[in-house]
Structure formats: C-alpha cells, structure tokens
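Enquirer: Can you keep this structure in mind? I'll have questions shortly.
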Amino acid sequence: MKQTFGNLNFILVILGVVASQLAVSLYLPSLPAISSEWHLSVGDTQLTLSVFFLTFGLSQLFYGALSDHIGRKPLLLISITILTCGSILAVYAHNFEQLLLARLLQGLGGGGLSVLGRAILRDLFQGQALRKAINMLAIAASFTPVIAPTLGGYMQEAFNWRSNFMILTFYSGVLLLIVFFKMAETNKDVSPEHSQQAEYKTQSTLSLSNILADYGHVLKNRPFVCYAIATLIGYLAMILCLENTPFLLTSQFGFSPKEVGYLMLVQPSFFLVGNLIQNRLPNSVGNNTLIQTGMMLLAIVGLSFLLQNAFNITSLTAILLTLALNGLAVSFIFVNAMAGALSLFSHQAGAAAALSGVFQMVGTAIITATMAKLQWSSLASLGWIYLSLFAVLYLLAKRLTQLQVQENTALTAIPESQ
C-alpha cells in the first residue's frame, strides 16, 4: 500500500475520527441544560460521558482483532450505522434513561471508528511515517474539539441540546454513504488484491481461540502495556478538564452556553499547537522524550489547580492558562503513546489498536464515573488527580527506559554469542 497522506482512506480515517470526537464534545456546552431539564445533579449528568466511554472502549475488543481477519471496511460500516442510530435516539429521548441508552449506542459506534481508524493507519504507514501520520491525524482531529463546543454552544442558545445530536446524525449518515461507495479495503490479508491469501487466512484463522490468542500476544508485550496506560493518562487528562469546565465557567463566572463554548476553545487550541510543534521536530526526537515532556506539564497543571484552591485566587485568566498547559501536555503524551503502542505490531494491528483503546476509554469511563459519584469536581480534587497522573506517568517512563536498555543489551549480545 502506497504511503501517502493524500490517500483517500487516510482522509476517511480523519472524517471517522471527527465523527467519534463530535459525539464527545459537541454537546458539552449543553450539559447544564440537560441537568436543568431533568433536574439532575452534576454527577448524574456527567454519566452521559461515562456510559459513552465505557461502551466506546469495550466495543473495540469486538472490532479490533476481528478486523484483522475479515477486513476494516465491513466493520467500519457497522460502527457508523450504530453511531447514526444512537444519535437519532438521542434526538427523540423523552427521559434521562433513554438519553443514557442513546449514549451507550453512540459509544458502541464511536469505538469502531476509533479502533479501525488506528488499524487503517497501521495498514498504510510504518516506522517514522506512522508517527507522522498519527501526528497529522491529531492535527486534523484537533479542529473538532476546537470547533465542536463553539458550535454546540451556539446550537444550544439558538435551539436546544437536541439540535447537537441532529448535527451528529446528519454527519454520520453522510459519512456512511461515503465509506460505502468510496473506501477501499486496507487490510492486505483480506483485500481483493490478495484474494487467495485472504480466503486462506479467513478460513484457517477466523476463530475465537485465534482472536483471543492475538490479544494475548499483544498483552504479553510489556512496552505495549506501558504505552497503553500512558495513552489512558493523556486522554483522561483532556477529558477531566473538558467535562468540568462547563460547570465551573457557568457557576463561578456566570457565562452563557455560547460563551462557555468559546472559552472551551483554549484547551483544544493548545492541543493543536502542541501537535504542530511536534510535526516540525526531527525524527531523532523519540516518543519517550516527548511523553516525558508532557509528563512535566501535567505536574504544573496539578500544582496550578492546588495553588488556585489553597490561596483562593481562582480567576478566569488562571483557569484558561491551566487549560492551555493541559492542552499542550495532552498533545505530547497522547500522540506519542499511541504511536509507540501501534509501532510494536503489524499483523496484529487491529488487536493492538483495540487493546490500547480499551485501556484508554474503559479506564476513563471507570475513573470519571467514580469521580462523578464521589463529587470530585473541586479545584483541589482536580489538582491531586493531575499530580497522581504525573506520578503514574513518571513510573511508566522509567519502566520504558529500563525495557529499552534491556532490549539494546540483548541485541548487542547476539553478535558476540555468534
């Protein structure tokens, strides 16, 4: 497969990731309105995110390894269809339980778009080109959390929160048609160009035991586990600010949903800036170095929240500066952890993408749901949580360095033994 960033399949990956991100961020400025309509607590309202993340993550186990055997395109069509159906249900939800069900379905569909997008990138690119591809995807995808909350805030003020899900329904429906008519299969083991090989592989290896074996093979790789947990930390750091910012800006500063949408541009904008910086760095700057850079920024974010709480100096400027630093931290951690995890595998690209997604999304769902139930939304709580993320990432970075030294030592010893 020709490695080109102008490849139509690469463009469709971007459009698919945009759809899954719209499902996360488009309705965020409407969270207070949803809470008000059904008289919900902040924690209960945030369950619409937690349910989405849970099914988003778990569904990737279905899509990932299976796509290694039957191809990316059929499962991509299924996932977009589920996302569209969930969006329609959200538009017509009559109570909070129906909205939660709609979010569950959206998670099931969005999970497929995410994991299959990463697997397709692994089909198209390798080596440093893979990291560049993920970085370019992140740059393109950065515009979604920049634009979506602003658009969502406008739609909330002009219409209501259901209008945001109407937009998502239209977008995913159009995407479904484009993928059906225009996308080519990228998994060379099942593509028409390798029809005899694909038929043999599908008949001989498509079984539950072999799919589980693929997952087992990936999980036994210790660097992969470290990178997958780092991916979780990067994504969680982004979501914690996104889901708490609307309530903070509304309750403490009295901003309208439209104004909240504009102010929420800060974090994704600096996420974009971080990715643009990385895109200009030489290939000699490795994934681990950039992850450690993000790690230090996370520590500053945590200290900022704690200092604002301790000295009661919370201001709009302080909040926005903290969000900006967090956007930079996430860009350095998430992109490079994802590239590190996917670069370790080729034939099990779908399984690796799925498991990294499970770490990322299920972990986020569990942690955010726990925080919602315990009402951990204060500045002090956020500060200690971010410092905890820094500590875990420090241990992971140290372990990755040890594993790299062991691998280099083993490679050096091979010629000597011969």
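The values are calculated or read from the model by the stated rules, or taken from the named source; none is laboratory data. It should be emphasised that the depicted structure is a prediction, and the values quoted were computed from it without experimental measurement. Positions of Cβ are backbone-derived with ideal geometry, glycine not excepted, and every protein chain shown enters the neighbour counts. In case anyone asks, the SASA skips ligands and DNA or RNA and just uses the protein heavy atoms, side chains included. Shrake-Rupley method; radii C 1.70, N 1.55, O 1.52, S 1.80 Å.
Enquirer: Which residue pairs have Cβ atoms under 7 Å apart, sit 6 or more places apart or on different chains, and have a first residue in segment 262-287 that is touching a residue at least 12 places away in the same chain (Cβ under 8 Å) and at negative phi and a second that is part of a loop (DSSP other than H, G, I, E, B) and surrounded by fewer than 21 Cβ atoms within 10 Å (Cβ to Cβ)?
Expert: Final answer for the pair search is Leu263/Phe255.
Enquirer: Also, I was wondering about something else. Is it true that Phe305 is over 23 Å from the mean Cα position of the chain (by Cα) and surrounded by 22 or more Cβ atoms within 10 Å (Cβ to Cβ)?
Expert: Values: over 23 Å from the mean Cα position of the chain (by Cα): yes; surrounded by 22 or more Cβ atoms within 10 Å (Cβ to Cβ): yes.
The answer is yes for Phe305.
Enquirer: Do we find a residue being buried (at least 24 other Cβ atoms within 10 Å of the Cβ) and within 21 Å of Leu47 (Cα to Cα) anywhere in segment 372-390?
Expert: Within segment 372-390, one or more residues are buried (at least 24 other Cβ atoms within 10 Å of the Cβ) and within 21 Å of Leu47 (Cα to Cα).
Enquirer: Only one of these is part of a helix (DSSP H, G or I) and more than 18 Å from the chain's Cα centre (by Cα): Asn288, Asn275. Name it. Step through it out loud before you land on a result.
Expert: Working: Asn275 fails: more than 18 Å from the chain's Cα centre (by Cα).
Selected residue: Asn288, the only one of Asn288, Asn275 that is part of a helix (DSSP H, G or I) and more than 18 Å from the chain's Cα centre (by Cα).
Enquirer: Can you name every residue in segment 320-346 that is among the β-branched types (Val, Ile, Thr) and over 13 Å from the mean Cα position of the chain (by Cα)?
Expert: Restricting attention to segment 320-346, the residues satisfying the condition of being among the β-branched types (Val, Ile, Thr) are 322, 330, 333, 335.
Matches in segment 320-346: Thr322 only.
Enquirer: Can you tell me which of Leu208, Leu212, Leu240 is modelled with pLDDT of 80 or more and more than 25 Å from Gln126 (Cα to Cα)?
Expert: Working: Leu208 fails: modelled with pLDDT of 80 or more; Leu212 fails: more than 25 Å from Gln126 (Cα to Cα).
Leu240 is the lone residue from the list that is modelled with pLDDT of 80 or more and more than 25 Å from Gln126 (Cα to Cα).
Enquirer: Return yes when Phe345 is among the aromatic types (Phe, Trp, Tyr) and either part of a loop (DSSP other than H, G, I, E, B) or out of contact with any helix residue (DSSP H, G or I) (no Cβ under 8 Å at 6 or more places or on another chain) (or both) and no when it is not. Outline the logic, then answer.
Expert: Numbers: among the aromatic types (Phe, Trp, Tyr): yes; either part of a loop (DSSP other than H, G, I, E, B) or out of contact with any helix residue (DSSP H, G or I) (no Cβ under 8 Å at 6 or more places or on another chain) (or both): yes.
Spelling it out, Phe345 is indeed among the aromatic types (Phe, Trp, Tyr) and either part of a loop (DSSP other than H, G, I, E, B) or out of contact with any helix residue (DSSP H, G or I) (no Cβ under 8 Å at 6 or more places or on another chain) (or both).
Enquirer: Would segment 27-50 turn up any residue that is closer than 21 Å to Lys188 by Cβ, touching a residue at least 60 places away in the same chain (Cβ under 8 Å), among the aliphatic types (A, V, I, L, M) and buried (at least 24 other Cβ atoms within 10 Å of the Cβ)?
Expert: Step one: of segment 27-50, the residues closer than 21 Å to Lys188 by Cβ are none.
Scanning segment 27-50 turns up no residue that is closer than 21 Å to Lys188 by Cβ, touching a residue at least 60 places away in the same chain (Cβ under 8 Å), among the aliphatic types (A, V, I, L, M) and buried (at least 24 other Cβ atoms within 10 Å of the Cβ).
Enquirer: Taking the stated definitions as given, is Val17 out of contact with any helix residue (DSSP H, G or I) (no Cβ under 6 Å at 6 or more places or on another chain), under 17 Å from Gly86 (Cα atoms) and at pLDDT below 90? I'd like the intermediate steps shown before the answer.
Expert: Working: out of contact with any helix residue (DSSP H, G or I) (no Cβ under 6 Å at 6 or more places or on another chain): no; under 17 Å from Gly86 (Cα atoms): yes; at pLDDT below 90: yes.
Judged against the criteria, Val17 is not a match.
Enquirer: For Leu328, state whether it is closer than 30 Å to Phe253 by Cα, open to solvent by 10 Å² or more (accessible area, probe 1.4 Å), at pLDDT 80 or above and in a helix (DSSP H, G or I). Write out each step before concluding.
Expert: Numbers: closer than 30 Å to Phe253 by Cα: yes; open to solvent by 10 Å² or more (accessible area, probe 1.4 Å): yes; at pLDDT 80 or above: yes; in a helix (DSSP H, G or I): yes.
Yes, satisfied.
Enquirer: Condition (residue is open to solvent by 10 Å² or more (accessible area, probe 1.4 Å) and modelled with pLDDT of 90 or more) applied to segment 308-316: is it met by at least one residue?
Expert: Quick first cut of segment 308-316, residues open to solvent by 10 Å² or more (accessible area, probe 1.4 Å) only: 309-316.
From the residues that got through so far, the ones that are modelled with pLDDT of 90 or more too are none.
No, segment 308-316 has no match at all.
Enquirer: Is it true that Ser251 is under 19 Å from the mean Cα position of the chain (by Cα), among the small types (Gly, Ala, Ser) and open to solvent by 20 Å² or more (accessible area, probe 1.4 Å)?
Expert: So Ser251 does not fit the description; no.
Enquirer: Looking only at residues that are in contact with a Leu (Cβ under 9 Å, 6 or more places away or on another chain) and either of a type in the set (Lys, Arg) or open to solvent by 20 Å² or more (accessible area, probe 1.4 Å) (or both) in segment 343-361, which one is farthest from Phe311 (Cα to Cα)?
Expert: Ser343
Enquirer: How many residues, within segment 78-91, are closer than 20 Å to Leu40 by Cβ, surrounded by fewer than 24 Cβ atoms within 10 Å (Cβ to Cβ) and touching a residue at least 40 places away in the same chain (Cβ under 8 Å)?
Expert: Qualifying residue count for the region: 1.
Enquirer: Consider Thr144 against the criteria (1) of a type in the set (Val, Ile, Thr); (2) out of contact with any Ser or Thr (no Cβ under 7 Å at 6 or more places or on another chain); (3) assigned to a helix (DSSP H, G or I): it satisfies all of them except one. Which criterion is unmet?
Expert: (2)
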